[in-house]
1. From the list A:Val30, A:Val26, which one is touching a residue at least 12 places away in the same chain (Cβ under 8 Å), more than 30 Å from A:Leu90 (Cα to Cα) and more than 11 Å from chain B (Cβ to nearest Cβ)?
2. Restricting to region B:41-60, what's the tally of residues that are touching a helix residue (DSSP H, G or I) at 6+ places or on another chain (Cβ under 8 Å) and within 12 Å of another protein chain (Cβ to nearest Cβ)?
3. Can you pull out every residue in region B:116-140 that is within 12 Å of chain A (Cβ to nearest Cβ) and either free of Cβ contacts under 8 Å to residues at least 40 places away in the same chain or crowded, with 17+ Cβ neighbours inside 10 Å (or both)?
4. Sort through A:Ala58, A:Ala62, A:Ala15 and tell me the only one that's within 14 Å of chain B (Cβ to nearest Cβ), within 16 Å of the chain's Cα centre (by Cα) and assigned to a helix (DSSP H, G or I).
5. Please identify the pairs in which a residue from region B:191-209 that is farther than 13 Å from B:Asn40 by Cα has its Cβ atom under 6 Å from the Cβ atom of a residue that is at pLDDT 85 or above and in a helix (DSSP H, G or I), counting only partners at least 6 apart or on another chain.
6. Go through the residues of region B:61-75 one by one and say whether even a single one is over 17 Å from the mean Cα position of the chain (by Cα) and facing chain A (nearest Cβ under 9 Å).
7. Going through region A:83-132 one residue at a time, which ones are surrounded by fewer than 23 Cβ atoms within 10 Å (Cβ to Cβ) and either touching a Gly at 6+ places or on another chain (Cβ under 7 Å) or outside any helix (DSSP H, G or I) (or both)?
8. Can you say whether A:Gly203 is small (Gly, Ala, Ser) and in a helix (DSSP H, G or I), as far as the supplied structure shows?
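The values are calculated or read from the model by the stated rules, or taken from the named source; none is laboratory data. None of the values given here were measured: they were computed from a predicted structure. Every residue, glycine as well, gets a Cβ built from its backbone with ideal geometry; the counts of neighbours run over all protein chains shown.
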Amino acid sequence: MTRFWHLVTRDLRLALRQGSDATIAVMFFVLCVVLFPFGVGPEPNILARIAAGVIWVAALLASLLSLERLFQTDHEDGSLELMALSGLPLELVVLAKTVAHWLVTGLPLLVAAPLLAVLLNMDRGGFGALLLTLALGTPALSLIGGIGAALTLGARRGGVLISLLILPLYIPVLIFGAGAIDAAITGLSPRPHLLILAALLAGALPLAPVASAAALRQALE
Amino acid sequence: MSASQFAASGLACLRGERLVFAGLEFALSAGEALLLVGPNGSGKSSLLRLMALLLRPFRGDLLWQGEPVSEDPDAHRARLRYVGHLDGIKPVLTCRESLTFWAALDGAPDPGRRASAALERLGLERLSEVPGRYLSAGQKRRLNLARLLLLPAPLWLLDEPTNGLDAAATGRLEAALAGHRAGGGMVVASTHTPLALPGAATLHLDDFTPELHDHEHGESA
């Protein structure tokens with residue numbers, strides 16, 4: 001277990017010293033959402049109506065943007081090979097890297113989301129659900145996206161390929177994420193949606209690293 | 001056969017559509033070394049990657065004390081150290097941080113102290129706080145080789161370890177190899193430059209290149 005945390009801290013240290021990956025994801029998220037009032041016009045009612053969906057779609061795209069580099073740099077410089085040979089099972093390597101990736105790119109989205117919700121005039125009743133859905137949904141996005149990142153490792157134009165592979169798999173997270181917020185705003189209980197999101201995360205947590213590790217083994221050959 | 005620790009029987013390697021080598025045999029006992037020689041594309045790197053379980057053999061088996069290594073790959077990974085063409089060095093991590101991480105990932109107790117000792121043995125102590133991006137190619141290679149000294153492991157697999165090394169560093173590497181073999185360790189190395197491995201057996205990989213319609217050389221494996 002200590003090995004696992006050594007890998008997480010190493011990835012966090014790398015991300016914090018390089019800086020760009022973490023800030024790019026959250027900047028993209030903010031800019032993406034800020035574009036909507038310019039596109040659909042500044043009417044508060046319309047913006048309030050679409051706020052939940054817009055924030056969720058932007059969060060999903062932001063998560064996708066940074067995923068390409070999840071394994072890429074380690075693959076290019078040979079570190080991934082050495083990790084595969086280390087005492088830590090590749091599944092746990094994947095999980096550790098995903099945890100670090102989420103802390104760096106997913107967590108800032110949670111911090112920025114309430115500000116964007118205010119910007120879009122979202123109903124106050126939805127704020128709690130917004131944070132909860134993002135807290136449950138973005139780790140699931142990172143885990144599922146990791147499969148795409150592992151599958152497209154070494155492929156040319158991998159980024160585009162990841163989007164094609166992974167975006168369809170993101171749809172359930174998007175539906176229940178935005179659905180929970182809408183339910184909370186209209187006065188219904190967001191609980192069923194949140195439970196399904198939690199189930200998606202609980203399913204992805206053990207399964208996605210296994211799939212990603214299998215794909216990585218293929219990429220290392 | 002009975003005395004050999006690590007051996008191969010009828011090993012064949014397929015890369016893409018091309019049979020790189022077939023019917024390859026070798027046997028190594030404790031303290032012995034094997035030098036892989038052959039033209040580019042004859043499969044030196046592929047053979048080392050096969051031994052590290054980064055590739056799967058097309059035919060044949062690798063045997064550890066008579067048992068196929070594929071039966072317990074994790075145990076085999078734990079007893080080997082692989083140094084490939086890529087150095088796995090992060091531009092933003094210092095030499096000491098890199099080595100401490102690799103030691104910790106292999107579960108070494110007191111990784112920091114082991115990293116310092118390894119740096120010293122390869123003459124890198126003055127560079128220990130220098131980030132990877134300022135290292136020359138030869139210094140990167142030395143840092144990668146320093147991983148060998150972190151934790152004892154019986155089998156060292158070295159893919160052209162002397163690339164980029166100056167005479168003094170080659171001397172330090174030879175001393176490390178001699179020390180490793182004196183302790184009963186085994187070394188398999190490929191090289192194009194002179195590397196002193198007293199009493200090493202030589203494996204000519206072109207002896208195992210299958211005779212096809214035309215004999216192709218020149219591709220890098």
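1. Details: A:Val26 fails: more than 30 Å from A:Leu90 (Cα to Cα).
Going through A:Val30, A:Val26 in turn, the sole match is A:Val30.
2. Quick first cut of region B:41-60, residues touching a helix residue (DSSP H, G or I) at 6+ places or on another chain (Cβ under 8 Å) only: B:42-44, B:47, B:52-57.
When the remaining residues are screened for being within 12 Å of another protein chain (Cβ to nearest Cβ), the result is B:52-57.
The number of residues fulfilling the criteria is 6.
3. Keep residues of region B:116-140 that are within 12 Å of chain A (Cβ to nearest Cβ), which gives B:131-133, B:140.
B:Pro131, B:Gly132, B:Lys140, listed by residue number.
4. Numbers: A:Ala58 fails: within 14 Å of chain B (Cβ to nearest Cβ); A:Ala62 fails: within 14 Å of chain B (Cβ to nearest Cβ).
Being within 14 Å of chain B (Cβ to nearest Cβ), within 16 Å of the chain's Cα centre (by Cα) and assigned to a helix (DSSP H, G or I) holds for just one of A:Ala58, A:Ala62, A:Ala15, which is A:Ala15.
5. Short answer, once both residue conditions are applied: B:Ala196/B:Glu174.
6. Checked region B:61-75: at least one residue is over 17 Å from the mean Cα position of the chain (by Cα) and facing chain A (nearest Cβ under 9 Å).
7. Across region A:83-132, the qualifying residues are A:Ser86, A:Gly87, A:Leu88, A:Pro89, A:Leu120, A:Asn121, A:Asp123.
8. On the way: small (Gly, Ala, Ser): yes; in a helix (DSSP H, G or I): yes.
Yes: the conditions hold for A:Gly203.
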